[in-house]
1. Percent antiparallel among DSSP beta bridges with both residues in the stretch 2-152, to the nearest 5?
2. If each DSSP helix of 4+ residues adds -39,500 (n - 2.57) and the sum is divided by the residues in the chain, what number results at 222 nm, nearest 500 deg cm²/dmol?
3. Once you have the Cα-Cα distance between residue 131 and residue 39, take 0.36 nm times their residue separation minus that, and quote the gain in nm to one decimal.
4. Within 10 Å of each residue's Cβ, count the other Cβ atoms and sort 17, 100 from fewest upward.
5. Along the Cα→Cβ direction, 7 angstrom out, place labels at residue 87 and residue 53. What is the inter-label distance in nm?
6. Test of understanding: ordering 16, 94 by Cβ neighbours within 10 Å, fewest first, what list do you get?
7. What percent does the relative contact order of the stretch 2-152 come to when contacts are Cα pairs within less than 8 Å and at least six residues apart?
8. Which residues in the stretch 67-108 have a backbone N closer than 14 Å to a point placed 7 Å from the Cα of residue 28 along the Cα-to-Cβ line?
């Protein structure tokens with residue numbers, strides 16, 4: 001299927017790659033279908049593009065890329081809700097916020113996107129663990145994430 005997007009123009013989307021959110025991304029209750037787009041394989045950042053609103057796309061990252069010891073406790077209720085039975089089917093993504101003034105790049109570790117990659121189902125889960133912030137400064141990580149290409153996204 002073809003979709004019109006603000007950032008990428010008209011793109012062809014493979015239906016088998018569509019992720020359906022069973023529970024909304026906070027603030028985007030009306031949007032449920034997304035696709036992950038990789039614009040530049042040289043950066044760990046990718047896009048979670050809405051299929052229902054071409055103007056909505058989130059920059060996302062594997063949270064382990066910015067915090068290698070990231071081990072959120074995802075309640076089994078969420079696993080069951082998404083039909084996750086094997087850990088290898090679980091994918092975690094963090095929404096990235098890029099601020100211009102002052103420049104800063106943060107990842108939301110408190111509310112990861114939990115995705116069953118086998119069944120292509122996901123939801124945003126707000127963790128109870130206060131050790132994981134909503135705005136985790138990517139530039140403060142020991143293993144610096146290359147963010148110089150962010151401006152070209």
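Please treat every number below as a calculation from the coordinates, not as lab data. From a predicted model like this one, the values you see are computed outputs, not experimental measurements. Counting neighbours? That spans all protein chains shown, and the Cβs are built from the backbone with ideal geometry, glycine included.
1. The antiparallel fraction comes to roughly 95 percent.
2. The per-residue figure over the chain is -1500 deg cm²/dmol.
3. Stretched fully, the residue 131-residue 39 segment lengthens by 30.0 nm.
4. 100, 17
5. 3.6
6. 16, 94
7. About 20 percent, as a whole number.
8. Within reach of a label on residue 28, which here means backbone N under 14 Å from a point 7 Å along Cα→Cβ, the stretch 67-108 contributes 93-98, 108.
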